[in-house]
């Protein structure tokens, strides 16, 4: 009982870092964490503008957490332990599980892959900040933002990327609208799936979703707009589109 009473106070003491470790933590941690917040926030801002599930706060916190774990990994290992990346290495596995939760399969297609990949690379940017690789982290963040903001636009204009679109036709005769839509889809070589029909007052509405390229979308839009049975035609980009 006496021995236990003597040892308990030592078990309740916090980690004791030497002076060199304290200097590294205090002087270096703040700028590394702030840079991680900045770069993660910039990537997250692009995601937030496009209304994606992993937005500003998510990317900022992931980048900050990855930087902090990387910073603490070497400190907690101590000078005597050669394995200073043990804690940081587990960040990769943890981000993998988080990214997997963003990937969804809906209506025969997979969505969320770009969001999952973005948080994966944001974590690597945070780890670079935590390791003090400021230039590499900044360059990586710029590349990510350019890839997310511009590459997708170029893919659509070059008809390299297929995306999901909602079409909503309104008119007074639902049967004639369906016939017009079927004729236009046959001419475009598209199959009509996921059709929804409803009536709101005197307005008949037919909605459907297709996966298309920018060129085919414009051609189908022009064909449907020319149909006399369709009074109004609206199109919406699928909110789950990455």
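We did not get these values from a lab; they are worked out from the coordinates using the rules stated. Keep in mind that what you see is a predicted model, and the values were worked out from it rather than measured. Cβ atoms come from the backbone with ideal geometry, glycine included; neighbour counts cover every protein chain shown.
For residue 149, put the label point 7 Å out on the Cα→Cβ axis and report which residues of segment 40-64 keep their amide N under 16 Å from it. Within reach of a label on residue 149: 40-52, 56. Going from the fewest other Cβ atoms within 10 Å to the most, the residues 235, 70, 209 appear in the order 235, 209, 70. Put a dot 7 Å past the Cα of residue 49, heading toward its Cβ, do the same for residue 198, and the two dots end up 3.3 nm apart. Using the Cβ-Cβ distance between residue 93 and residue 135 with R0 set to 22 Å, the FRET efficiency works out to roughly 0.25. Highest-first packing order for the peptide set 186-194, 160-168, 57-65 is 57-65, 160-168, 186-194, based on the mean count of other beta carbon atoms within 10 Å.
Distance between the pseudo-spin-label points of residue 232 and residue 72 (7 Å out from Cα toward the beta carbon): 5.5 nm. What the Cβ-Cβ distance of residue 57 and residue 156 gives, at R0 = 35 Å and to the nearest 0.05, is a FRET efficiency of 0.80.
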